[in-house]
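K.L.:
To start, I am sharing the structure in question, which I have written as structure tokens.
The values are calculated or read from the model by the stated rules, or taken from the named source; none is laboratory data. Note that the coordinates shown come from a computational prediction; the quantities given were computed from them, not determined experimentally. As a convention, Cβ positions derive from the backbone with ideal geometry for all residues, glycine included, and neighbour counts pool all protein chains shown. Note: areas computed on protein heavy atoms with side chains; ligands, DNA, RNA excluded. Shrake-Rupley method; radii C 1.70, N 1.55, O 1.52, S 1.80 Å.
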Amino acid sequence: MPIIESIRGEFVRYKALAEAAIAQVDETDLSREPAADGNSIVTIGWHVSGNLQSRFTDFLTTDGEKPWRDRESEFALRAVSAADVRAKWDEGWNVLLQTLSTLSDADLSRTVTIRGQALSVLDALHRSVTHTSYHVGQIVFLARSLRGKRWEWLTIPPGQSDAYNQNPEREKR
């Protein structure tokens, strides 16, 4: 499997994980802040989208921190509908996935810049997938906290490891 496809697969896996968590949350809870200065699911989604749009628009030719990005506004408090969250989320992911579809493993050693720092394409992709997965973890944690006992497990449920290991369906791509 080409490295680009492996990285794309990880992005898609984390995208699906976040979307499955968000789908369990009541619309009114999407904007709920977990604590003072904490970020809501909406805020995290807005930030991930803004980051992906900035990093992957003209990925190979312009700095990944675009002058049109207003990062601070991504963290503004907002109450929006679930449809608005999904639309914003998809904006960023669409830019990422479109850009990944144009790359090949031959591009991995090329140089891109983020905030003036030169990185190989491979390093920039690893940096982005880890940044994204960090925030997906936050989304999953918040969603699970908000759902409480109504939470439907996205991974192996506690106490079911042995049964899962007999038929590890989620491991198949």
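K.L.:
Kindly indicate whether Trp89 is closer than 24 Å to Pro34 by Cα and surrounded by 17 or more Cβ atoms within 10 Å (Cβ to Cβ). Don't jump to the end; show me each part of the working.
P.N.:
Values: closer than 24 Å to Pro34 by Cα: yes; surrounded by 17 or more Cβ atoms within 10 Å (Cβ to Cβ): yes.
Judged against the criteria, Trp89 is a match.
K.L.:
A further question follows. Of the residues that make up segment 144-166, is at least one small (Gly, Ala, Ser) and closer than 16 Å to Phe11 by Cβ? Please lay out each step first, then the result.
P.N.:
Here is the first cut: in segment 144-166, the residues small (Gly, Ala, Ser) are 145, 148, 159, 161, 163.
Imposing the further condition that a residue be closer than 16 Å to Phe11 by Cβ reduces the set to none.
The answer is no, given that none of the residues of segment 144-166 is small (Gly, Ala, Ser) and closer than 16 Å to Phe11 by Cβ.
K.L.:
Being among the small types (Gly, Ala, Ser) and within 20 Å of Gly137 (Cα to Cα) narrows it down to one residue among Gly64, Gly45, Gly116; which is it? Quick ask: steps written out before the conclusion?
P.N.:
Working: Gly64 fails: within 20 Å of Gly137 (Cα to Cα); Gly116 fails: within 20 Å of Gly137 (Cα to Cα).
Only one candidate qualifies: Gly45.
K.L.:
Right, next: Would you mind telling me which numbered condition in (1) touching a residue at least 60 places away in the same chain (Cβ under 8 Å); (2) open to solvent by less than 20 Å² (accessible area, probe 1.4 Å); (3) basic (Lys, Arg) Arg8 fails?
P.N.:
Of everything listed in (1) touching a residue at least 60 places away in the same chain (Cβ under 8 Å); (2) open to solvent by less than 20 Å² (accessible area, probe 1.4 Å); (3) basic (Lys, Arg), Arg8 misses just condition (2).
K.L.:
Considering only residues that are in a loop (DSSP other than H, G, I, E, B) and under 23 Å from Asp123 (Cα atoms), which ones fall in segment 7-60? Steps first, please.
P.N.:
Applying the first criterion (in a loop (DSSP other than H, G, I, E, B)) to segment 7-60 yields 24-26, 30-40, 57-60.
Thr57, Asp58, Phe59, Leu60, listed by residue number.
K.L.:
Scan segment 131-173 for residues that are of a type in the set (Val, Ile, Thr) and either open to solvent by 100 Å² or more (accessible area, probe 1.4 Å) or farther than 15 Å from Leu30 by Cα (or both) and report the count. Break it down into steps so the answer makes sense when it comes.
P.N.:
First, pick out the residues of segment 131-173 that are of a type in the set (Val, Ile, Thr): 132, 136, 139-140, 155-156.
Still in the running and either open to solvent by 100 Å² or more (accessible area, probe 1.4 Å) or farther than 15 Å from Leu30 by Cα (or both): 132, 155-156.
Residues flagged as of a type in the set (Val, Ile, Thr) and either open to solvent by 100 Å² or more (accessible area, probe 1.4 Å) or farther than 15 Å from Leu30 by Cα (or both) within segment 131-173 amount to 3.
K.L.:
So which residues in segment 40-75 are over 13 Å from the mean Cα position of the chain (by Cα), among the small types (Gly, Ala, Ser) and either open to solvent by less than 40 Å² (accessible area, probe 1.4 Å) or under 21 Å from Gln117 (Cα atoms) (or both)?
P.N.:
The answer is Ser40, Ser54, Gly64.
K.L.:
Additional query: Can you pull out every residue in segment 26-37 that is under 13 Å from Ser81 (Cβ atoms) and either under 17 Å from the mean Cα position of the chain (by Cα) or among the small types (Gly, Ala, Ser) (or both)?
P.N.:
Our first condition is that a residue be under 13 Å from Ser81 (Cβ atoms); within segment 26-37, this holds for 26-31.
Matches in segment 26-37: Leu30, Ser31.
K.L.:
Could you list, in sequence order, all residues of segment 90-126 that are more than 12 Å from Ile7 (Cα to Cα), assigned to a helix (DSSP H, G or I) and without any contact (Cβ under 8 Å) to a residue 60 or more places away in the chain? Full working, then the answer.
P.N.:
The first filter runs over segment 90-126 and keeps only residues more than 12 Å from Ile7 (Cα to Cα), leaving 90-95, 98-99, 102, 106-107, 109-120.
Next, from what is left, pick out any that are assigned to a helix (DSSP H, G or I): 90-95, 98-99, 102, 106-107.
Correct list: Asp90, Glu91, Gly92, Asn94, Val95, Gln98, Thr99, Thr102, Ala106.
K.L.:
Could you check segment 127-171 and list, in sequence order, the residues that are basic (Lys, Arg) and either touching a Ser or Thr at 6+ places or on another chain (Cβ under 9 Å) or over 20 Å from Asn51 (Cα atoms) (or both)? Spell out the reasoning first.
P.N.:
Within segment 127-171, the subset basic (Lys, Arg) is 127, 144, 147, 149-150, 170.
Of everything in segment 127-171, those that are basic (Lys, Arg) and either touching a Ser or Thr at 6+ places or on another chain (Cβ under 9 Å) or over 20 Å from Asn51 (Cα atoms) (or both) turn out to be Arg144, Arg147, Lys149, Arg150, Arg170.
K.L.:
Continuing with the same structure: Answer with yes or no whether Gln117 is at pLDDT below 95 and not charged (D, E, K, R).
P.N.:
Answer is no for this residue.
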